[in-house]
Amino acid sequence: MTDTRIAATRITVIGGGAFGTALACVARRNGADTVLWARAPAIVDAINRGEGNPDYLPGVALEPGISATTDIEVAITHADAVLLVTPAQYMRGIVQSFVATLSPDTPLVICAKGVERGANLLMSEVLAEITPHNPVAVLSGPTFAIEVARRLPTAVTLAARDAKLAERLASMIGSPIFRPYVSSDLIGAEICGAVKNVLAIACGILQGRNLGDNARAALITRGVAEIARLGAAKGAHPATIMGLSGLGDLTLTCNALQSRNFSLGVALGEGQALDAILQSRRSVAEGVASAESVVALARSLGVEMPICAAVNRIVTEGGDIDETIAGLLSRPFRAE
């Protein structure tokens, strides 16, 4: 990939949460005409007044010049690239709301991590049903939004089947402090991102139950094996798992309370009720919704994913945490 950076005439970010706002900062730093769509008028008004996004990034000064709007058609019009930073379970509905306005040549960059409930589809598969002619890429990796917004060094995977598209998008958003590494394994990046959220909940539960660092290390390692099996079944490249969207993101998400999924797992492990945890938060922990669909997808492909199944049993079926952990620990010994 060449080191020459270009600024897109217009980059649109769909999603006014923490990560969407942070990515709008990334685009604006590169000189792009940056438009951020958010559903909440209060967020839009605060950004346009130069007050930042106090709901999701309190105390963080945003790049000047970001234009925010609640009108999704205005946001999409004339976009050179659209970053989709809405929760995975809302992706279909939001894209359907602007597809009539979207140019078929506009690249769509998936920045959500999850598997659609019910249909058990990856986000690229959802877009293929709605906008089959638009080029699609995936941006994934170890990214806490507040660190991205504060200009701390970050590296990500930018995956697209078309290498030229990946390089062009990397040129639009890449910089010395936000470094995209291009990949052709779009499916692998999606699988890693979706499953690591489920595994992060599992790691948090172990933390909340005070089961120790040995257990967490074992869970992460066996979780990598689950990602590898599902990835292989979907045609992912094995090397992707060892990259930023795989091991990099998994390491970050499974070891820090900044992680929404890990911190949710900790609260569950400490005995808090799931509904109470969810009601107390503004942000979405994607692993809760994805647990059921990841397990259903694995089952349909004949892939064994016992850790993800255990998380699903707890967050979807109301399973007892101690009994579920005991079930995992009593599984037969097997070759690694």
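Tabulated values for the structure
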read-out: Spatial separation of Cα centroids for segment 13-85 and segment 109-129, in angstrom; value: 23 Å
read-out: Built amide H within the under 5 Å cut-off of Val109, gap 5+; value: Val82, Leu83, Leu84, Ala137
read-out: Residues in segment 7-34 reached by a label modelled at Ile130 [backbone nitrogen below 15 Å; 7 Å Cα→Cβ]; value: 13-16
read-out: FRET efficiency, 1/(1 + (r/R0)^6) with R0 41 Å, evaluated for Ala335 and Gln96 via beta carbons; value: 0.30
read-out: Most fluctuating residue given options Asn134, Asn214, Asn48, as computed from a GNM of the chain linking Cα atoms under 10 Å; value: Asn214
read-out: Choice from Ala232, Ala326, Ala296 with maximal GNM fluctuation in the chain (Cα, 10 Å cutoff); value: Ala326
read-out: DSSP beta bridges in segment 122-212 [antiparallel fraction, %, rounded to 5]; value: 40 percent
read-out: Signed unit charges on C-beta, dipole axis of segment 22-89, positive-most listed residue Ala42, Leu62, Ala79; value: Leu62
read-out: About the Cα centre, charge dipole magnitude for segment 119-232 (Lys/Arg +1, Asp/Glu -1 at Cβ), debye; value: 340 debye
read-out: Accessible surface of segment 207-328 [probe 1.4 Å, protein heavy atoms]: carbon and sulfur percent; value: 53 percent
read-out: 1.4 Å probe accessible area per residue over the chain, in Å²; value: 43 Å²
read-out: Theoretical gain in end-to-end length, His237 to Thr70 [0.36 nm per residue, Cα-Cα removed]; value: 56.3 nm
read-out: Signed unit charges on C-beta, dipole axis of segment 132-244, positive-most listed residue Cys203, Ala225, Ala189; value: Cys203
read-out: Fluctuation leader among Gly235, Gly287, Gly265 - the chain, Gaussian network, Cα springs under 10 angstrom; value: Gly235
read-out: Nearby lysines by direct alpha-carbon distance to Lys234 (threshold 19 angstrom, same-chain neighbours under 8 apart not counted); value: Lys113, Lys196
read-out: Assigned charges on the beta-carbon of Lys, Arg, Asp, Glu; segment 1-123 dipole about Cα centre (debye); value: 240 debye
read-out: Isolated Cys residues of the chain, judged by Cβ distance under 4.7 Å to other cysteines; value: Cys25, Cys111, Cys192, Cys308
read-out: Lys/Arg +1, Asp/Glu -1 at C-beta; segment 239-332 dipole; positive extreme among Leu252, Gly265, Ser330; value: Leu252
read-out: J(HN,Hα) series, segment 83-95, from Karplus relation 6.51 cos²θ - 1.76 cosθ + 1.60, nearest Hz, glycine and proline x; value: 9, 9, 10, 8, x, 4, 6, 9, 4, 4, x, 5, 5
read-out: Amide H partners (placed H, <5 Å) of Gly114, local residues excluded; value: Met123, Ala194
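The values are calculated or read from the model by the stated rules, or taken from the named source; none is laboratory data. Computed from a predicted structure; not experimentally measured. Using ideal geometry, Cβ is built from the backbone for each residue, glycine included, and neighbour counts are taken over all protein chains shown. The accessibility values were calculated without ligands, DNA or RNA, using every heavy atom of the protein model including side chains. Shrake-Rupley method; radii C 1.70, N 1.55, O 1.52, S 1.80 Å.
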